[in-house]
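Here is the structure we will look at.
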Amino acid sequence: MKNTLLDKITISRMKGEICLSPAQDKFFHKLVAIQGDLTRQGIEYWQQYSHLGTWQFWTVTCLLILPLMLVYFKIDRKLIFHIGFFGFAVHVLFSYVDAAGIRFGLWAYPYQLIPFIPSLSLDAAIIPVTIMLVYQWTLKNNKNYYLYALLTALAFGFGFKPLLVAHGLFQKYKWVNYIYIFLIYITLFLLAYWLTRVFRWMNKKGA
């Protein structure tokens, strides 16, 4: 009996099938359907309230394009892979946390550049670019990264984020406040920094 079941599972996997119980299969397809409906409603919302004819759309567009232009001209070409890895780490970490926060209903972005990626401008541009340039400056001037990461997190948590809220570009819910937002910023800035140091250490060990 066990061998027969194992053979069926193996064959199903080879065919690309997923072995689910009837109850699990029903529940899973319900979740897929809800997700599809949510995506359709998100697109409809974008078409009505966050389209190219709104000033908010062009604001979030500028928040994406201008930082990327800035980093293109300001990044140190001699350190480009080092700084670039750090910036990518920041981008990935913030994307994960933002996605989780949105999924749990802790915060939201009423105006979006692309319906499927609500926080693209922040997670892909303004946040990583800002801290990349701060990090680069601390490296070139032998400054304490922890201090300037703290100052940057304070600026984002208690300055930039309230500015977004005031203009309706960001909304927070439940227990989320600016202290929590600041703590998220500083935590992720530090995680990206430590991750970069670990990979640089591994690179030196392998050289």
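The values are calculated or read from the model by the stated rules, or taken from the named source; none is laboratory data. Small disclaimer: the values here were computed from a predicted structure and weren't measured. All Cβ positions, glycine included, derive from the backbone under ideal geometry; neighbour counts span all protein chains shown. With ligands, DNA and RNA removed, areas are computed over all heavy atoms of the protein, side chains included. Shrake-Rupley method; radii C 1.70, N 1.55, O 1.52, S 1.80 Å.
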Seminar exercise, completed: Within the range 92-129, restricting to residues that are in a helix (DSSP H, G or I) and open to solvent by 70 Å² or more (accessible area, probe 1.4 Å), the one that is farthest from Thr39 (Cα to Cα) is Tyr96
For this session: Restricting attention to the range 130-170, report how many residues are without any contact (Cβ under 8 Å) to a residue 40 or more places away in the chain and part of a helix (DSSP H, G or I).
Result: 22
Problem set entry | Verdict on Leu169 being open to solvent by less than 30 Å² (accessible area, probe 1.4 Å) and modelled with pLDDT under 95 | yes
For this session: Give the residues of the range 174-183 that are assigned to a helix (DSSP H, G or I) and surrounded by fewer than 20 Cβ atoms within 10 Å (Cβ to Cβ), sorted by residue number.
Result: Tyr178, Ile179, Tyr180, Phe182, Leu183
Problem set entry | Given (1) closer than 16 Å to Phe88 by Cβ; (2) touching a residue at least 12 places away in the same chain (Cβ under 8 Å); (3) more than 19 Å from the chain's Cα centre (by Cα), index of the condition Asn203 fails | (2)
Exercise. Can you find a residue in the range 70-78 that is touching a residue at least 60 places away in the same chain (Cβ under 8 Å), assigned to a helix (DSSP H, G or I), over 30 Å from Trp201 (Cβ atoms) and open to solvent by less than 40 Å² (accessible area, probe 1.4 Å)?
Worked result: no
